[in-house]
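Written out below as structure tokens is the structure these notes cover.
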Amino acid sequence: MTATKRLGKQTVKLQYPPSIIATAAIVGKKEGEGPLCSYFDQILDDVLWGEKTWEKAESKILRETIIKAVTKAQKTLTDIQYIFAGDLLNQCSGSNFGVRELEIPFFGLYGACSTMAEGLSLAAMTVDGGFADYVIAATSSHFCSAEKQFRFPLEYGGQRPLTAQWTVTGSGAVVLAAEGSGPYVTHITTGKIVDLGIKDANNMGAAMAPSAADTIYTHFEDTGFTPDTYDLIITGDLAQVGKDITEELLQKRGCDISKQFTDCGLKIFDNKKQDTHAGGSGCGCSASVLAGYLYKELTQGHLNKILFLSTGALMSPTTSQQGESIPGIAHAVTIQNTLE
Amino acid sequence: MEQNFTQKEYQKYVQKKSPNSPIIKNVIMAFVIGGLICVVGQIISNYFKSRGLSTEDVAGATAISMIFLGALLTGLDIYDGLAKYAGAGTIVPITGFANAIVSPAMEFKSEGYVLGMGAKMFVIAGPVLVYGITASVVVGIIFFLVGN
């Protein structure tokens, strides 16, 4: 049997595009003070949400977001056949503990901040392949647990450079169904790792930009689409520095996406007012923007066809200390309201 | 895509594209706030002197007081806010050393008092202790051999 759904080098075109029938997003206080506040299902006042540790709080955010999404889809947890979820913590523990009580078959993923598009890709392929009727893709991140894992203690007095990004506290969950009236996931371009030797973990946008540009360029090559095919091309968390670089890298290859291009990390915070430096980041950034803002804009018809790319910086604290550079990755998913 | 740039070219390009920290503003803030911390230290030192402590005891008591203040302000969630503006001005004084020990201690308390707080409170300040003590031993040996 040959792979009939492949398109070009890195893309698949889904034969039976699954429909996103519901989404949910729960975010922290700072995100709730940002420009997208009205799009989220719930905004938390307390970084711990009644839990004892940040890690427990993150798992709770993921779990409650998944439950909310299932409820909004008017389904029960037993209807869901797979969960694809990931986060930033060691051994994916945010997700492992988040889905522990849900009793749903679970694929744990690590793609750093690219995990939302990674999970959405795999979930969509699973439904398209006829392996499930209802699947969830979800991710989470928590500012405090991520800082603890990757950087300095919260109370440590240090200065953040202007290229640094702010990890989003929040989670987004998407319910995919074999049957539905859209928006549909139609194309998936899976990114490959691109590493141009950036070592500064405070400049992840620059580390991820070449992979984002590579995936976008390959997506257009594979599908024959042009930037004008889309109402919006939105990356996960390149933030200001990474977004500008990606745009320029593509321009150099004769591909101008400046009209449609924005970034979830720039959407979720008002960098000037909220002092988030270059912008938001984290698994929860693209997830909550997709599940909150983008999904509503799609269903209300303000957007009809978008290219959603989550971008990941695949370093670990260990590799950073050993002087390794930061491998970047970006996965793209086409989401559209109608099927041609 | 990536054949557009060699790694070196890309790193140069990124440096150009990345906004620089406002160095002059940072230096001035570090000077002012760091200076103010030193003024507080001097006031405390003068106070101890006025109470009749010996010069050596004044130095010790002042350091202890400043470390206490640094730890207290860290615990009250004030020190990191100050440091955001002061930068090196809050890292260099002894209060910064207290902050570097107290902040991980607070953070890792959730992993227990022994392997969490006890072990990890030195993740930032540990190297200062290791190399500081090592250097003082080396200097001591040199002084012992040459000084007499």
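In terms of overall dimensions, the C-alpha atoms belonging to chain A reach 56, 49, 37 Å along their principal axes, ordered largest to smallest.
When you work out D = kT/(6 pi eta Rh) for region A:177-280 at 25 °C and 0.890 mPa s, using the Kirkwood radius from C-alpha pairs as Rh and the Stokes-Einstein form, the result is 166 µm²/s.
Restricting attention to region A:36-127, lysine pairs at least eight places apart or on different chains and with alpha-carbon atoms under 21 angstrom apart total 5.
Qualifying GluC sites (Glu not before Pro) in region A:1-106, where qualification requires a DSSP coil assignment and no more than 12 other C-beta atoms within 10 Å, comprise A:GLU103.
Taking all Cα pairs closer than 8 Å and separated by 6 or more residues, the relative contact order of chain A comes to 25 percent.
Dividing the convex hull volume of the alpha carbon atoms of chain B by its residue count gives 234 Å³ per residue. Computed extension gain for B:LYS16 through B:VAL114, at 0.36 nm per residue and net of the alpha carbon distance, reaches 30.7 nm.
Highest mobility in the GNM of chain A, judged by mean-square fluctuation with C-alpha springs under 10 Å and restricted to A:HIS302, A:HIS219, A:HIS142, is found for A:HIS302. A Förster radius of 51 Å, combined with the Cβ-Cβ distance separating A:LEU7 from B:VAL146, puts the computed FRET efficiency at roughly 0.10. In a Gaussian network model over chain A where Cα atoms closer than 10 Å are linked, find which of A:SER288, A:SER320, A:SER171 has the largest mean-square fluctuation. Answer for the Gaussian network model of chain A: A:SER320.
Helix B:23-50 and the long axis of chain B differ in direction by around 10°, with both axes built from C-alpha atoms.
Using DSSP to call loops (not H, G, I, E or B), can you name the GluC sites (Glu not before Pro) in region A:128-237 whose Cβ has at most 11 other Cβ atoms within 10 angstrom? Listed in order of number, the matching sites are A:GLU179.
The value of relative contact order for region A:184-336, using C-alpha pairs under 8 Å at least six residues apart, is 38 percent. Could you check which residue among A:ILE216, A:ILE26, A:ILE104 shows the biggest mean-square fluctuation in a GNM of chain A with a 10 Å Cα cutoff? For chain A, modelled as a Gaussian network with Cα springs under 10 Å, the answer is A:ILE104. May I ask what percent, to the nearest 5, of DSSP beta bridges between residues of region A:1-125 are antiparallel? Given both bridge residues lie in region A:1-125, the antiparallel proportion sits at roughly 20 percent.
Screening chain A for whole DSSP H helices of 18 Å or more along their axis (Cα) with average Kyte-Doolittle hydropathy at least 1.0 returns none. Per residue of chain A, the DSSP helices (runs of n ≥ 4 H) give a summed -39500 (n - 2.57) that works out to -9000 deg cm²/dmol at 222 nm.
Normalising the average separation of contacting C-alpha pairs (under 8 angstrom, six or more residues apart) by the number of residues puts the relative contact order of region A:15-177 at 32 percent. Between B:ASP57 and B:VAL40, the simple label model (points 7 Å from Cα in the Cβ direction) yields a spacing of 2.5 nm. Computed from Cα atoms, the angle from the helix B:126-142 axis to the main principal axis of chain B rounds to 60 degrees.
The label point for B:TYR131 and the one for B:GLN7, both projected 7 Å from the Cα toward the Cβ, are 2.5 nm apart. Charged side chains reduced to their Cβ positions (Lys and Arg at +1, Asp and Glu at -1) give region A:184-336 a dipole of some 220 debye around its Cα centre.
Enumerate the amide H contacts of A:ASP195 below 5 Å, restricted to partners 5 or more residues apart or on another chain; note that Pro and chain-start residues carry no placed amide H. Counting only residues 5 or more places away or on other chains, the set is A:GLY328. The long axis of helix B:7-17 is offset from the longest Cα principal axis of chain B by roughly 70 degrees. Peptide A:205-211 is shielded by partner chain Cβ atoms: per residue, an average of 3 of them sit within 10 Å of its Cβ.
The ratio of the alpha-carbon radius of gyration of region A:15-177 to the globular-protein estimate 2.2 N^0.38 Å is 1.04. At an R0 of 30 angstrom, the distance between the Cβ atoms of A:LYS252 and A:GLN321 translates into a FRET efficiency of 0.35.
Using the rule -39500 (n - 2.57) for each DSSP H run of four or more residues, divided by the residues of chain B, the 222 nm mean residue ellipticity is -22500 deg cm²/dmol.
Readers should treat all values here as calculations from the given coordinates under stated rules, not as data from a laboratory. Here the structure is a predicted model, which is why all the values come from computation and not from measurement. Cβ atoms come from the backbone with ideal geometry, glycine included; neighbour counts cover every protein chain shown.
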